[in-house]
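The values are calculated or read from the model by the stated rules, or taken from the named source; none is laboratory data. In this text the structure is predicted, and so the values were computed from the model without any measurement. When we count neighbours, we look across all protein chains shown, and the Cβ atoms used for this are built from the backbone with ideal geometry, even at glycine. Heavy atoms of the whole protein, side chains included, go into the accessibility calculation; ligands, DNA and RNA do not. Shrake-Rupley method; radii C 1.70, N 1.55, O 1.52, S 1.80 Å.
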Amino acid sequence: MDVALKYGYDSPEAFTRAFRQVHGVTPQAARIQGIALHSYPRISFHINMIGGTDISYKIIQKPAFDAVGIVKKFTSAEELPGTILG
């Protein structure tokens, strides 16, 4: 319970589910001698921006305009073009 709360899980059960998904065994089973656990290094992302150029702009006031569109509601049961349902 302490570990679950320390790492931001709402309950010990939520921590157990997440632990099992990653390691394939429950935290209790992981304590058994000889059980092999697999660890993954922490994922990090780095973004480098290179070759940027300045963009000149100015704010101008334009008169109001009307926009026209089509409304269509979709449900999760409908198949959308290019969607694979499984």
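The table below lists the values:
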item	result
Members of the stretch 31-62 found to be of a type in the set (S, T, N, Q) and at pLDDT 80 or above, listed by number	Gln33, Ser44, Asn48, Ser56, Gln61
Some residue of the stretch 23-35 being out of contact with any strand residue (DSSP E or B) (no Cβ under 7 Å at 6 or more places or on another chain), open to solvent by 70 Å² or more (accessible area, probe 1.4 Å), closer than 18 Å to Ala4 by Cα and in a loop (DSSP other than H, G, I, E, B)	yes
